[in-house]
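Okay, so here's the structure we're looking at.
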Amino acid sequence: MPCELPPLLSSLNLPGDIPALTPQQREELAREARDVIIRVVSRNGGHLASSLGVVELTIALLTVFDPRRDAVIWDVGHQSYPWKLFTGRAPRFGSLRRQGGLSGFPRREESPCDTFGAGHASTSLSAALGMAVARDLMGGDEHVVAVIGDGALTGGMAFEALNQAGSMGKRLIVILNDNNMSIAASVGALSQVLHENSPGACPRPQRPGPPAALSLFLSHSLLSRRTRRIKQRITRVLRSVPSIGPRLLDIAERGEISFKSFFTPGSLFGAFHFNYIGPIDGHDSAQLIRYLEAAKELDAPVLLHVRTQKGRGYAPAEADPERFHGVSGFSADTGRPLYPPSDEPHGPGYSRAFGKTLCRLAESDPRIVAITAAMPDGTGLSEFRERFPDRFVDVGICEEHAVTFAAGLAARGLRPVVAIYSTFMQRAYDQIIHDVCLQKLPVVLCLDRAGLVGEDGPTHHGAFDLSWLRVVPDLALAAPRDEADLAHALFTALKLDGPTALRYPRGHSRPVASLSTENDMDVPPRSFRFLPPGSGEMLMEGEGRVCVVAAGQRALPALEAARRVADTLGHRAAVFDPRWIKPLPEAQLLTLAKTHEALLLVEENSLLGGFSSAVLELLADHHLPGSLSIRRLGLPDRFVPHGEARVLRAGLGLNVDGIASALEKLVRELP
């Protein structure tokens, strides 16, 4: 989809013309870029506030560095929209997050200026260090720059990279984009250290810090070329003093660290042997360019601490940066969300149903503790946070820590519930195995956004959780078909003595009134049902020839597809919801295999190792299928691209039409 560009943005040869811009032109380019980003994201959805906050920083980077030669790595990629605009993709920017268009994240396949792909947090420093080492081994002289947010810096992987980079002493530039936000407000002691001088920062029971201007002056003065030459001479002199030279040098270095730590936040990064410059005004292009040029001079690791405002230049996003972190359609004039009319009825939404159910259960069980990794709103836990603040913990972007922290709570008798998106829970796989399941601790893992999530694409699709979770011993795994089923599954998980995982999709289910006598969309339900592990539910009885076995969120579309085929072909297929992926409802599945001529297995997970693989293993172990015909629908052995979820499902045959077509073909093939 073409993008109508304003005058300056359309006339420049990007990125090559940016270094020659005047200060006034840089200011105008920043304004134009914000206008385009707001206009496109209001229509296509995406990560707005983060990208608005780094427009001047991006212009400064492209003024000082050559993206066709130097490597600039954006952590996560939520803030990469200006980079896309300024690196030759402006004419295509209107296709952002649309199927076949620009990705919402950096992608190596999309542009040579995207030197490293992203989508998950805390990866940039490790990748940048790898590139710096590769540069030196291959005799290159290009610069390597990593841009990481203060939220992503809380991830343990970032500190592992800082530790290694400091010890290796490679020429590397790290830009800390500090906006006091990750997705929600930043949390933890690191955030307090970085923001102790910021408006609205958490107060600390220590001495007050100096003004930011003084901190910047001192940190840069300590790193100036003249200062470095003087320091080198003093170091040589002290080392030459017989016997006590090394001791004198140690005292001098400790004094420098103490002096820095009194005036700047740089002592933290100094401990990792990084040279620190900052804090810098991230919306002052001239200042940014000046200090980026200074950083280029250093033949050592350097960290520039840049303070930006999330949502800069768009009043609604400045006022509510958390809501505008990731948005769907909204009015560019007012910032109010647009709710396009739906062609099908919707329930209350899985995340909201989860959050309300957990609040209801927590009212009567004081052992319940809710944990999330920087996603209180996205996982539906905002109400729980307000109602039970002492039993709510946001650990920041630290999924591994979240799971082991939950294991510690469970080991002392509490009932922790960990709510993390499926794609991010992948990062805690070792902790799930080693810290939770090996010890059989009653931790409830809630994997939101399971299956296809849509425009965020392959880095965010929850395509693999059934495959990597079902192989873990002592872990019960359920896939609820709708919001009411999720409520009952959560109630059940908190009654079990060991670890349980629940996986459910983004968005809403499609209510089907005949599923039970209870109002299925009354979430939380008036009373909860215990769902025995290893037991599924027959949603529609058939004629005994074909049975559709559909896991989780595909159960309701499968039911509608079976009804459609019954109307068109006159053949009524059975529809079975297994509900439990582990333990499987083995007795029911074996009975279905013995009493039917064909099975259609449906899931929204990779077919490799997923639910249908488990069914095939079960049948093989019992010397079936024999003459039984089996067809499988699921996600292919490739990364599914970004696009509207409904369009992606249609293309993969996982919507009602696709399931009905596969079922009709299977029926016609029967003798």
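Report yes if E644 is under 23 Å from T459 (Cβ atoms), of a type in the set (D, E) and open to solvent by less than 30 Å² (accessible area, probe 1.4 Å), otherwise no. Criteria not met by E644.
Only one of these is small (G, A, S), over 20 Å from N163 (Cβ atoms) and surrounded by fewer than 20 Cβ atoms within 10 Å (Cβ to Cβ): G130, G140. Name it. Give the steps one after another, and end with the answer.
Working: G130 fails: over 20 Å from N163 (Cβ atoms).
Criteria check complete, one pass: G140.
Cβ separations smaller than 8 Å between residues 6+ apart or across chains give the following pairs from segment 379-408 residues that are in contact (Cβ under 8 Å) with a residue 40 or more places away in the chain to residues that are in a strand (DSSP E or B) and open to solvent by 20 Å² or more (accessible area, probe 1.4 Å): T379/Y421.
Checking the conditions here, which among I18, I59, I73 is buried (at least 20 other Cβ atoms within 10 Å of the Cβ), touching a helix residue (DSSP H, G or I) at 6+ places or on another chain (Cβ under 8 Å) and under 24 Å from P316 (Cβ atoms)? Lay out the reasoning, then the answer.
Values: I18 fails: under 24 Å from P316 (Cβ atoms); I73 fails: under 24 Å from P316 (Cβ atoms).
Residue meeting the stated conditions: I59.
Could you check how many residues of segment 30-65 are assigned to a loop (DSSP other than H, G, I, E, B) and more than 18 Å from G282 (Cα to Cα)? If you could, list the steps in order and put the result at the bottom.
Here is the first cut: in segment 30-65, the ones assigned to a loop (DSSP other than H, G, I, E, B) are 45, 47, 53-54, 65.
Of the ones still in play, those that are also more than 18 Å from G282 (Cα to Cα) are 45, 47.
Within segment 30-65, residues that are assigned to a loop (DSSP other than H, G, I, E, B) and more than 18 Å from G282 (Cα to Cα) number 2.
Select from segment 295-327 the residues that are in contact with a strand residue (DSSP E or B) (Cβ under 7 Å, 6 or more places away or on another chain) and either polar (S, T, N, Q) or under 30 Å from A132 (Cα atoms) (or both) and list them in ascending order. Hits for segment 295-327 are A295, L298, A300, P301, V302, L303, L304, H305, V306, R307, T308, K310.
Quick one: which of E597, E543, E560 is touching a helix residue (DSSP H, G or I) at 6+ places or on another chain (Cβ under 8 Å) and on the phi < 0 side of the Ramachandran plot?
Values: E597 fails: touching a helix residue (DSSP H, G or I) at 6+ places or on another chain (Cβ under 8 Å); E543 fails: touching a helix residue (DSSP H, G or I) at 6+ places or on another chain (Cβ under 8 Å).
One residue alone meets the criteria, E560.
One line per residue, one yes/no per condition, for (1) under 21 Å from G653 (Cβ atoms); (2) out of contact with any Leu (no Cβ under 8 Å at 6 or more places or on another chain):
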residue	(1), (2)
E586	no, no
T595	no, yes
L599	yes, no
E604	yes, no
G610	yes, no
V615	yes, no
L619	no, no
L624	no, no
I630	yes, no
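What pairs come out if I take residues in segment 648-671 that are within 17 Å of N605 (Cα to Cα) and pair them with residues that are of a type in the set (S, T, N, Q) and surrounded by fewer than 21 Cβ atoms within 10 Å (Cβ to Cβ) whose C-beta lies under 8 Å away, six or more apart or interchain? From residues that are within 17 Å of N605 (Cα to Cα), the pairs are L648/Q99; R649/N655; G653/S661.
Using the structure shown, decide if P442 is touching a helix residue (DSSP H, G or I) at 6+ places or on another chain (Cβ under 6 Å) and closer than 24 Å to P366 by Cβ.
Yes.
Going through segment 571-586 one residue at a time, which ones are open to solvent by 20 Å² or more (accessible area, probe 1.4 Å) and closer than 17 Å to D657 by Cα? Correct list: R572 only. Within segment 551-598, the set of residues being of a type in the set (S, T, Y) and more than 17 Å from S535 (Cβ to Cβ) comprises T568, T595.
Could you grab me the full set of residues in segment 83-92 that are closer than 24 Å to G329 by Cα and surrounded by fewer than 24 Cβ atoms within 10 Å (Cβ to Cβ)?
R89, A90, P91, R92
Whether a residue is within 22 Å of E644 (Cα to Cα) and aromatic (F, W, Y) was assessed, and F405 does not pass this test. The strands (runs of 3 or more DSSP E) located wholly in segment 554-671 that include 2 or more residues which are over 29 Å from the mean Cα position of the chain (by Cα) occupy 574-577, 598-606, 629-635. Taken together, S80, S42, S50 contain a single residue that is in contact (Cβ under 8 Å) with a residue 12 or more places away in the chain and open to solvent by less than 10 Å² (accessible area, probe 1.4 Å), which is S80. Scanning segment 587-611 for residues that are free of Cβ contacts under 8 Å to residues at least 60 places away in the same chain, closer than 25 Å to P499 by Cβ and either surrounded by fewer than 16 Cβ atoms within 10 Å (Cβ to Cβ) or touching a Lys or Arg at 6+ places or on another chain (Cβ under 7 Å) (or both) yields one hit, A587. Among the residues making up segment 370-397, those that are closer than 26 Å to R526 by Cβ, open to solvent by 10 Å² or more (accessible area, probe 1.4 Å) and not polar (S, T, N, Q) are G380, E383, R385, E386, R387, F388, R391, F392.
The values are calculated or read from the model by the stated rules, or taken from the named source; none is laboratory data. Note that the structure is predicted; figures quoted are calculated from it, not measured. For neighbour counting, all protein chains shown are included, and Cβ atoms are generated from backbone atoms with ideal geometry for every residue, glycine included. For accessibility, only protein heavy atoms count, side chains too; no ligands or nucleic acids. Shrake-Rupley method; radii C 1.70, N 1.55, O 1.52, S 1.80 Å.
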